[in-house]
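Written below as structure tokens is the structure these notes are about.
The values are calculated or read from the model by the stated rules, or taken from the named source; none is laboratory data. Since this is a predicted model, take the numbers as computed values, not measurements. Here Cβ is always computed from backbone atoms with ideal geometry, including for glycine, and neighbour counts include all displayed protein chains. SASA here: full protein model, heavy atoms, side chains in, ligands and nucleic acids out. Shrake-Rupley method; radii C 1.70, N 1.55, O 1.52, S 1.80 Å.
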Amino acid sequence: MTTFDLNFAADHFTLFGLPRAQSLDLESLENSFRAVQAKVHPDKHAHAGDADRRLAMQWATRVNEAFQTLKSPGKRARYLLSLLGHDPQIESNTAMPTEFLISQMELREAVIEARAAANEDALDAVRLRLLNEIKVEYQRLAELIDVAKDFAAAGNLVRQLMFQEKLLNEIDDALEAVTA
């Protein structure tokens, strides 16, 4: 029986030999992912017994899931906060600062108007503005988690980022509809 020298119960960071931190070096993550995936990929175990092939499939799934979580700053933050014992209350806390909500409503209205007018340039402009806001918030999130250890504020920011990421998806859908 083939043995995998990995701990199935390890957290995603440990699985890839990375520090538990919001600010990750994505190149290191990618390199670690490739190295681990090379060990567990089902094709490498195609000639093994049934149990080893199933185990390889389970490992490949686990490794892919861990990689997808860590490569996304939002998913990584939610995962890291849970590891650190902080619940960002995604389901139960919908409170947002008024100025944030007003800004988001304005962006949504701009998206609705641009989509109705089939104005690709306006949609691109709103998308770029939102991407820039999200980038700044991701940097702030790393500061809150990694340096300030202010997990409550980080949880609040995670909820806001989820709101912004949803709007970004809506903009992408609008762009797709306008350019189709």
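Mind checking whether some residue in the range 57-75 is β-branched (Val, Ile, Thr) and either within 22 Å of VAL136 (Cα to Cα) or without any contact (Cβ under 8 Å) to a residue 24 or more places away in the chain (or both)? Looking for residues that are β-branched (Val, Ile, Thr) and either within 22 Å of VAL136 (Cα to Cα) or without any contact (Cβ under 8 Å) to a residue 24 or more places away in the chain (or both), one finds at least one in the range 57-75, hence yes.
Looking only at the range 1-46, filter to residues that are basic (Lys, Arg) and part of a helix (DSSP H, G or I); which one of those is farthest from the chain's Cα centre (by Cα)?
Our first condition is that a residue be basic (Lys, Arg); within the range 1-46, this holds for 20, 34, 39, 44.
Filter again for part of a helix (DSSP H, G or I), leaving 34, 39, 44.
Working: ARG34: 19, LYS39: 24, LYS44: 29 Å.
Checked the range 1-46; the qualifying residue farthest from the chain's Cα centre (by Cα) is LYS44.
Restricting the range 137-180 to residues that are of a type in the set (Gly, Ala, Ser) and in a helix (DSSP H, G or I), the residue that is nearest to ILE90 (Cα to Cα) is GLY155.
Just one of the listed residues (ILE134, ILE171) is hydrophobic (A, V, I, L, M, F, W, C) and in contact with a Lys or Arg (Cβ under 6 Å, 6 or more places away or on another chain), namely ILE171. Yes or no: GLU106 out of contact with any strand residue (DSSP E or B) (no Cβ under 9 Å at 6 or more places or on another chain), under 21 Å from ASN132 (Cα atoms) and among the acidic types (Asp, Glu)? So GLU106 fits the description; yes. Looking at the range 1-17, which of the residues that are of a type in the set (S, T, N, Q) and open to solvent by 90 Å² or more (accessible area, probe 1.4 Å) is modelled with the lowest pLDDT? Here the answer is THR3. Scanning the range 25-35 for residues that are hydroxyl-bearing (Ser, Thr, Tyr) and open to solvent by 30 Å² or more (accessible area, probe 1.4 Å) turns up just one, SER28. Out of LEU70, LEU55, one residue alone is touching a Phe, Trp or Tyr at 6+ places or on another chain (Cβ under 8 Å), of a type in the set (A, V, I, L, M, F, W, C) and closer than 27 Å to GLY155 by Cβ. It is LEU70. So, in the range 36-50, exactly how many residues are closer than 26 Å to GLY74 by Cβ and either exposed (fewer than 12 other Cβ atoms within 10 Å of the Cβ) or touching a strand residue (DSSP E or B) at 6+ places or on another chain (Cβ under 8 Å) (or both)? Within the range 36-50, residues that are closer than 26 Å to GLY74 by Cβ and either exposed (fewer than 12 other Cβ atoms within 10 Å of the Cβ) or touching a strand residue (DSSP E or B) at 6+ places or on another chain (Cβ under 8 Å) (or both) number 0. Only one of the listed residues (ILE102, ILE134) is surrounded by 13 or more Cβ atoms within 10 Å (Cβ to Cβ), β-branched (Val, Ile, Thr), assigned to a helix (DSSP H, G or I) and at pLDDT 95 or above. That residue is ILE134. Taking the listed residues ARG78, ARG115, ARG108, the one that is touching a residue at least 12 places away in the same chain (Cβ under 8 Å), part of a helix (DSSP H, G or I), open to solvent by 70 Å² or more (accessible area, probe 1.4 Å) and out of contact with any Cys (no Cβ under 8 Å at 6 or more places or on another chain) is ARG115, with no other qualifying. Annotation note: Cβ proximity below 6 Å between a residue of the range 157-175 that is open to solvent by less than 30 Å² (accessible area, probe 1.4 Å) and a residue that is among the acidic types (Asp, Glu) (sequence gap 6+ or interchain) occurs for LEU161/GLU137.
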